[in-house]
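The values are calculated or read from the model by the stated rules, or taken from the named source; none is laboratory data. Computed from a predicted model, the values in this text were never measured in an experiment. Here the Cβ is made from the backbone with ideal geometry for all residues, glycine too, and neighbour counts use every protein chain on show.
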Amino acid sequence: MKLAVQIAGSTSGEQALGAHHPRFYASLPRLNRWRNRWQDLIGVCHSRFRILLVGAEDEENLALRSLAAYLLQEGMQPAIVPYTDPHQVGDVINAVHNHRPAIVALSLAFQCLADNYFELVRELRRDGYRGHVIVGGHFATFEYLKILETQPGIDSVGRFEGEMPLVHLALAIQKGGDLSAVPDLVHRTASGIIENKASQELMDLDRLPFPLRNRRAQMRLGENFATLLSSRGCWHSGCSYCCIGAFHRQRSNHVVRLRSAEKVARELARLHKSKGVRLFQFHDDNFVLRTTKETQARISSLRRCLQEAKIPLARIALLVKARPDTIDDPVAADLKALGCVGVFLGVENASESGLKALIRRAHVQDTERAIAGLTRQGIGMTYNLLIFHPHATMDEINQNIEFVRRHIGIPFDFGRAEIVAGSPLERLVTIEGRLRGKWPHWDYQITDRAVQKMFEINRDTFRRPDSPYSPAMHELIALSYHAHALTRLHPGPISDALATESTCIVTRANRFILECLEQLRDLSAQEYSFAPVEELNRRLSEGCARIRREAWHLTKRMERLQFVEGIFQVFGVREAVQEGTWVSALLGCRVDANGTACGCFKTAWRPRTAEGCR
Ligand code: B12
Ligand code: SF4
């Protein structure tokens, strides 16, 4: 079994957390046993306090890695082990055996994973772990009481940002175990659950060390990839389904804090120079600020700092998140100039009533303006529609369907506004007496019966556990971002041809999904019957399998181009690649005598341009 624990034993703050070589992992248990015995013998094991950080790592988890960097800076010895699904229990238990931490710190950001984490704690305790177990993150921050009341294996909850509580907890345990002065900590004592004082101090983001990274960068969309943050919190902090506002507001008046452009540029430059990262995903809730003026000033300082750090902007590509009401033509142009190739646009609903119900404080015309501006700049987009919410109506759903039709070339997803702890929606459905389900998995009834029925059929079709719909949509989103990153980082006619094909695939896929969505809507107007639901399932299975096949083939061709260009870059003749007819033949692309992309051999029967697909 691959042991995924990553030892952070070095004193250097930027030292990578681990090696990715399989032999390194295989040798870890034995090496660690010897190291631990040796340290026990010579009595050095207490010089560095060991903490094991556990959390979902679909990619480098910035919560775990920020905490690990801070602990390391404060003289502790952190290690990270990923835990995304129950199959990884063994990895965590092995990590506990090898690292022998005094504290196991679990990041419980995702409410949907809470049960898995509770089971993990039970397993750890069954396995004999006697150290301190603390949980933190968004879900734990709000549900600390229920967690401590129902989960005897968990000793404490660190609320809000975890740097302070974790370090103070470690110091308190080292000094004998009086936890009463640990800020933002809620803990179990013999006399009951005690809620310590909230810390008065807000972390200065510029004084935090950079998150600890793996030795090698991850690959995403065929490029070396990293995630990073230029801020914490959200200036809007109001949406009904979101807990970010409460997470920051319950502690201070600062709902959003920005890192300085210098620090962001320095972190980005370090990742680019030391790990060859070219694709950066900013996980800020809103990379784009409230007003055009603020955003323009911010982007211009970021550009200046990147130029000072000698980062050629043409060699990097950025993915960011933004609210539509913050994007106009000047902002879109600035994003483009900074290297932005994709925006996760917070559309959320394409009707005025839906936006109001979700407390977005934005309008459909903002979304239309943002899409037009980003399209003019050639920046890719993707969005999500929360068509199901407590007060959704069929009229709203129809408006959303029309919106998708108007923007058929943009990959999207749709779903229900889920109840997460700390969100205004949680309060709303509780007050209205419509909360259903069992903690931590809340459910609710939609007021409009037809919409509720549509949601239920959606659960049995698009969202049934083995439905290929979600993977297909994720792959389409990735395909579209991939194409946009390709045209920026590998400009040339072949990239353009592949990007055109990507738009064609997305457009065809969206047309198909739209038809299925309409079928779903029509089913909700009829008496529920098994056969038509099964028919929709069959249609979805076949259609999504086709979409995934097409997306996969095109992705492979894009990766091949990136690979070939990578080789030619070594010899300094990267530009020659996209002009070589043998390369276009290899990749199945046709480039005409003027060097313009004009379609694809394999798909010659299809329209040759994205426009043709519409
Ligand atoms: C990046 C991200 C993702 C990535 C995950 C990357 C990874 N971890 O591998 C991806 C895109 C995969 C993702 C997916 C999902 N996400 Co998400 N995601 C985020 C996002 C935007 C940033 C998280 C982050 O890195 N923050 C930066 C770090 C530094 O801040 P932090 O996470 O708050 O961590 C600090 C504190 O929370 C605390 N802390 C954290 N852990 C611990 C542990 C201890 C012991 C202590 C003491 C403190 C502590 O200290 C940290 C440092 O100060 C957040 C929003 C946000 N602003 O945080 C949403 C967020 C966490 N996601 C959310 C959701 C709902 C989801 C999905 C369910 C969406 C969906 N419908 O599919 C999925 C679930 C994924 C899964 N694994 O099952 C919600 C969670 C709400 C909830 N309570 O459940 C959030 C809050 C977004 C929101 N506005 O509602 N997500
Ligand atoms: S959904 Fe986004 S914009 Fe709305 S409050 Fe949450 S982070 Fe802010």
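Just the residues that are of a type in the set (Val, Ile, Thr) and over 22 Å from CYS112 (Cβ atoms), please, taken from the stretch 63-94. ILE93, the sole residue that qualifies. For the stretch 222-250, residues that are closer than 30 Å to GLY276 by Cβ and either within 12 Å of ligand 1 (Cβ to nearest atom) or touching a Phe, Trp or Tyr at 6+ places or on another chain (Cβ under 7 Å) (or both) total 7. Selection of strands (runs of 3 or more DSSP E) fully inside the stretch 214-279 by the criterion of at least 2 residues being within 16 Å of ligand 2 (Cβ to nearest atom) returns 231-233, 256-258. Within the bounds of the stretch 185-197, is there any residue that is among the charged types (D, E, K, R), touching a residue at least 24 places away in the same chain (Cβ under 8 Å) and in a helix (DSSP H, G or I)? Scanning the stretch 185-197 turns up no residue that is among the charged types (D, E, K, R), touching a residue at least 24 places away in the same chain (Cβ under 8 Å) and in a helix (DSSP H, G or I). The residues of the stretch 170-193 that are under 18 Å from ILE51 (Cβ atoms) and either among the basic types (Lys, Arg) or surrounded by fewer than 17 Cβ atoms within 10 Å (Cβ to Cβ) (or both), listed by number, are LEU171, GLN174, LYS175, GLY176, GLY177.
State whether the residues of the stretch 493-514 include one that is of a type in the set (A, V, I, L, M) and closer than 14 Å to ILE401 by Cβ. Among the residues of the stretch 493-514, at least one is of a type in the set (A, V, I, L, M) and closer than 14 Å to ILE401 by Cβ, which makes the answer yes. Only one entry of ARG464, ARG508, ARG539 meets the criterion of being within 25 Å of ALA450 (Cβ to Cβ), in contact with a Cys (Cβ under 8 Å, 6 or more places away or on another chain) and either among the basic types (Lys, Arg) or assigned by TED's automatic domain parsing to the domain that holds LEU335 (or both), and that entry is ARG539. Picking from residues in the stretch 429-458 that are β-branched (Val, Ile, Thr) and touching a strand residue (DSSP E or B) at 6+ places or on another chain (Cβ under 7 Å), the one that is nearest to LEU113 (Cα to Cα) is VAL429.
Residues that are loosely packed, with under 15 Cβ neighbours inside 10 Å, assigned by TED's automatic domain parsing to the domain that holds ASP334 and under 30 Å from ARG159 (Cβ atoms) occur at least once in the stretch 277-291. Sub-9 Å Cβ pairs linking a first residue in the stretch 234-252 that is among the aliphatic types (A, V, I, L, M) and at pLDDT 95 or above to a second residue that is within 11 Å of ligand 1 (Cβ to nearest atom) and part of a helix (DSSP H, G or I), at least 6 apart or interchain, are ILE244/HIS138; ALA246/THR141; ALA246/PHE142, ordered by first then second residue. Each residue in the stretch 314-343 was checked for being in a strand (DSSP E or B) and either within 16 Å of ligand 2 (Cβ to nearest atom) or of a type outside the set (Val, Ile, Thr) (or both), and 9 of them qualify. Checking LYS321, LYS275 one by one, the residue that is in contact with an Asp or Glu (Cβ under 8 Å, 6 or more places away or on another chain) and charged (D, E, K, R) is LYS321 and no other. So is LYS336 on the phi > 0 side of the Ramachandran plot and out of contact with any Phe, Trp or Tyr (no Cβ under 6 Å at 6 or more places or on another chain) or not? Here the answer is no, as LYS336 does not meet what is asked.
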